[in-house]
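Asks: Submitted below is the structure of interest, expressed as structure tokens.
The values are calculated or read from the model by the stated rules, or taken from the named source; none is laboratory data. Computed from a predicted model, the values in this text were never measured in an experiment. Counting neighbours? That spans all protein chains shown, and the Cβs are built from the backbone with ideal geometry, glycine included.
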Amino acid sequence: MMPPTWSVRRLHTLEDGQIDELASVLIDCVEGGASVSFMHPLTRDRAVAFWRRLAQGVVAGERALLVAEDARGLCGTVQLVFDLPENQPHRADLSKMLVHRRARRQGLGAALMRAAETTARECGKTLLVLDAVTGGDAERLYARLGWVRVGVIPGYALLPRGGLCSTTVYYRNLSEATLP
Ligand SMILES: CC(C)(COP(=O)(O)OP(=O)(O)OC[C@H]1O[C@@H](n2cnc3c(N)ncnc32)[C@H](O)[C@@H]1OP(=O)(O)O)[C@@H](O)C(=O)NCCC(=O)NCCS
């Protein structure tokens, strides 16, 4: 088996160059049709503004940001959101799992998920929750990694070029789970 061409790490601050590279990943995913909060076309200004806002939460410890880097720069990312109500200190939301199309289907999505679960454990979290477009590529990834499917919310969001899609909610109990 070929060794991976990328490495995964957690960032605690975001520099301008990293914000620009993450903006490119987000723009590429929206161009590719991913339903990740934005409509097509996503301008660079809006993508950069999104990551700048988010960087403040990363510095404040309200979220953990994991990134993957290949020879061309940052090519994937996922976040754990810790900024939740005070009665849910054991929990995090997993969000914005994005892999640039140049780096897909090589196991990077799975590597980012495993890194996110390890980070969540290190931060004392025992329950993770996420939602994913019903029938999309990400759903297969989460199911394969042992996430439990809760159910479908029909007509949840718009796809980037219009048309409603449903979302499927998943959870992962880290106190029971062993990494597959
Ligand atoms: C969903 C997403 C993160 C998956 O990322 P990825 O890096 O391609 O994920 P993986 O490589 O781990 O797995 C993807 C597929 O490649 C396959 N694969 C993994 N390693 C492989 C390899 N070395 N050779 C061939 N295939 C491989 C996996 O089996 C999987 O197959 P499947 O989709 O048929 O089940 C990516 O498609 C993405 O960013 N999509 C757009 C954004 C999005 O929808 N995010 C989810 C929001 S909830």
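Asks: Just wondering, is there one or more residues in segment 13-25 that are of a type in the set (A, V, I, L, M), under 24 Å from Leu174 (Cα atoms) and outside any loop (DSSP other than H, G, I, E, B)?
Replies: no
Asks: List every residue pair whose Cβ atoms sit under 8 Å apart, with the two residues 6 or more apart in sequence or on different chains, where the first one lies in segment 96-112 and is over 20 Å from Asp131 (Cα atoms) and the second, anywhere, is of a type in the set (S, T, N, Q).
Replies: Matching pairs, first to second residue: Ala103/Thr5; Gln106/Thr5.
Asks: List the strands (runs of 3 or more DSSP E) inside segment 30-101, counting only whole elements, that have at least 3 residues being over 24 Å from Thr168 (Cα atoms).
Replies: The strands (runs of 3 or more DSSP E) meeting that bar are 63-70, 73-81.
Asks: If you don't mind, there's one more thing I want to ask. Given the structure, is Leu141 hydrophobic (A, V, I, L, M, F, W, C) and either more than 12 Å from the ligand (Cβ to nearest atom) or loosely packed, with under 13 Cβ neighbours inside 10 Å (or both)? Talk me through it step by step, then tell me what you get.
Replies: Numbers: hydrophobic (A, V, I, L, M, F, W, C): yes; either more than 12 Å from the ligand (Cβ to nearest atom) or loosely packed, with under 13 Cβ neighbours inside 10 Å (or both): no.
Judged against the criteria, Leu141 is not a match.
Asks: Which residue pairs have Cβ atoms closer than 9 Å, lie 6 or more positions apart in sequence or on different chains, and pair a first residue in segment 81-95 that is on the phi < 0 side of the Ramachandran plot with a second residue that is at pLDDT below 95?
Replies: His90/Ser175
Asks: If you go through segment 131-160, how many residues are touching a Phe, Trp or Tyr at 6+ places or on another chain (Cβ under 7 Å) and part of a loop (DSSP other than H, G, I, E, B)?
Replies: Within segment 131-160, residues that are touching a Phe, Trp or Tyr at 6+ places or on another chain (Cβ under 7 Å) and part of a loop (DSSP other than H, G, I, E, B) number 2.
Asks: If I ask for residues that are crowded, with 16+ Cβ neighbours inside 10 Å, of a type outside the set (Gly, Ala, Ser), closer than 23 Å to Pro3 by Cβ and more than 11 Å from the ligand (Cβ to nearest atom), which ones from segment 92-126 would you list?
Replies: Glu117, Thr119 - these are the residues of segment 92-126 that are crowded, with 16+ Cβ neighbours inside 10 Å, of a type outside the set (Gly, Ala, Ser), closer than 23 Å to Pro3 by Cβ and more than 11 Å from the ligand (Cβ to nearest atom).
Asks: Which pairs have Cβ atoms under 6 Å, sit 6 or more apart or on different chains, and link a residue in segment 50-64 that is in contact (Cβ under 8 Å) with a residue 40 or more places away in the chain to one that is exposed (fewer than 13 other Cβ atoms within 10 Å of the Cβ)?
Replies: Val59/Thr13
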